[in-house]
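Working notes, structure below.
The values are calculated or read from the model by the stated rules, or taken from the named source; none is laboratory data. This one's a predicted model, so the numbers in the text were calculated from it and none came from an experiment. As a convention, Cβ positions derive from the backbone with ideal geometry for all residues, glycine included, and neighbour counts pool all protein chains shown. These accessible areas exclude ligands, DNA and RNA; they are computed on the full protein's heavy atoms, side chains included. Shrake-Rupley method; radii C 1.70, N 1.55, O 1.52, S 1.80 Å.
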Amino acid sequence: YQRAGVSAVNILQDGGNLRSLAKDFEGKQGTLRIHEGDTSGGRPNVRAVTASSMNVAIQNIMTTLLKMEYDETLPITDALVTQFSSTAGEDTFPEVETEDGVRKVKEGDAYPILSGSDRDVKTSHVKYGAAIAQTRENSVLDGLGRITVHLTSLARQLRRYRDQFRLARILDYNGLDGRYIARPGNDNGTAVFYTASEDHRGNANLKASNALADETDIDNAIALLDAMQLLDGTYVTPAPKVLVTASTAKATAWKIVNAIYAPSATSGQTLVPNPYGPQGMLSQAPVVVSHPLVATYAGAATTWFLGDPAKQFFEKVVWPVEVTPKMTGGEMALRDIIELWVGSFCVDMVALSNMFFIKNTA
């Protein structure tokens, strides 16, 4: 989709419109490449179809602009999940664990086998998106300029909704779409966070009376991470890589994990090295992630989370963010809506463990 060596995106930026663009491609044919699956971690699943060069150009403009704006919108939750690609209708993950675990193996003896328990977790898929309309007016006026405004807005909304979707699942909230995150022992249940008496291993990932005020509260949460054990007694020792908090507490969180010195516990007038600061005992200070909806999803603005969530929460990607054209007819044709451009993504979330992320309440 080149015109005198200039890409279709450059045509848009230089003020071209759909009508002038159509003249350049009139009567020509091209190949429209439609992505049908996730491109992360391997070859893209692409289907090629013959279409008019005009449609090819517009399709590439729409897709390029949406992905550019989506990628440039500040990601909030990327560090909280590990993505994997799957086009299966349902994926099943066993909770892998053994009573014996890793141990010394004498010559001729059998190795202990890590096997799946009956606490399987299953994930399916959920589709989210919205559409913008290609109207007759856009076809005869400066259509690309008008579409760009809607397209960039759609890209930002898709990015922000992806953040909300991830936060709702990670923070164990079902008010976004009526679904909890899939987790071991309950495909669509709640209670990702609970006390030691409620866990079959005796682990606790819920710390009460631990509002975030200073480095001692970080210490309390890390104590729970350090205590995480498998059934055989092996310590997991997750790293406190990420601190998730409500927007109202992000300044406090940032100061705690970035301060080189902190007030002494015995004398507030004396400064001592901050054990969890950039020069503290951690190899890397926790990254602070905040969002206005954390207070809603977590139940209180004083609730915060600490750990390595990407080791616990996995995002299944059926297809990434993409734009696809949808022809219209009937009632939409009477409204001069020629075509709809749908921006969407299809994903699901699963919690494969409860040992890497601590919930702290006031």
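Would you point out which residue out of G280, G233 is assigned to a loop (DSSP other than H, G, I, E, B) and in contact (Cβ under 8 Å) with a residue 40 or more places away in the chain?
Numbers: G280 fails: in contact (Cβ under 8 Å) with a residue 40 or more places away in the chain.
Going through G280, G233 in turn, the sole match is G233.
State which residue is least open to solvent (accessible area, probe 1.4 Å) when the search covers only segment 324-338 and only residues that are touching a helix residue (DSSP H, G or I) at 6+ places or on another chain (Cβ under 9 Å) and either modelled with pLDDT of 90 or more or of a type outside the set (A, V, I, L, M, F, W, C) (or both). Give the steps one after another, and end with the answer.
Going residue by residue through segment 324-338, those that are touching a helix residue (DSSP H, G or I) at 6+ places or on another chain (Cβ under 9 Å) are 324-325, 336-338.
Now narrow it down to the ones that are either modelled with pLDDT of 90 or more or of a type outside the set (A, V, I, L, M, F, W, C) (or both): 324-325, 336.
On the way: T324: 23, P325: 43, D336: 61 Å².
In this case the residue turns out to be T324.
The C-beta contact set for segment 74-93 (first residue farther than 14 Å from H125 by Cβ, second residue part of a loop (DSSP other than H, G, I, E, B), distance under 8 angstrom, 6+ apart or interchain) comprises A79/K241; F93/D120; F93/L352.
Only one residue in T87, T64 is in a helix (DSSP H, G or I) and either farther than 20 Å from L340 by Cα or modelled with pLDDT of 75 or more (or both), so which one is that?
Values: T87 fails: in a helix (DSSP H, G or I).
So the residue among T87, T64 that is in a helix (DSSP H, G or I) and either farther than 20 Å from L340 by Cα or modelled with pLDDT of 75 or more (or both) is T64.
Scanning segment 279-304 for residues that are in contact with a Phe, Trp or Tyr (Cβ under 6 Å, 6 or more places away or on another chain) and over 27 Å from Y261 (Cβ atoms) yields one hit, Y297. Whether any residue in segment 174-185 is at pLDDT below 85, open to solvent by 30 Å² or more (accessible area, probe 1.4 Å) and closer than 25 Å to S290 by Cβ is what I want to check. Looking for residues that are at pLDDT below 85, open to solvent by 30 Å² or more (accessible area, probe 1.4 Å) and closer than 25 Å to S290 by Cβ, one finds at least one in segment 174-185, hence yes.
Conditions tested, residue by residue: (1) over 30 Å from Q157 (Cβ atoms); (2) among the aliphatic types (A, V, I, L, M); (3) open to solvent by less than 40 Å² (accessible area, probe 1.4 Å); (4) in contact with a helix residue (DSSP H, G or I) (Cβ under 9 Å, 6 or more places away or on another chain).
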position: M228; (1), (2), (3), (4): yes, yes, yes, no
position: L243; (1), (2), (3), (4): no, yes, yes, yes
position: A246; (1), (2), (3), (4): no, yes, yes, yes
position: P309; (1), (2), (3), (4): no, no, yes, yes
position: F313; (1), (2), (3), (4): no, no, yes, yes
position: E322; (1), (2), (3), (4): no, no, yes, yes
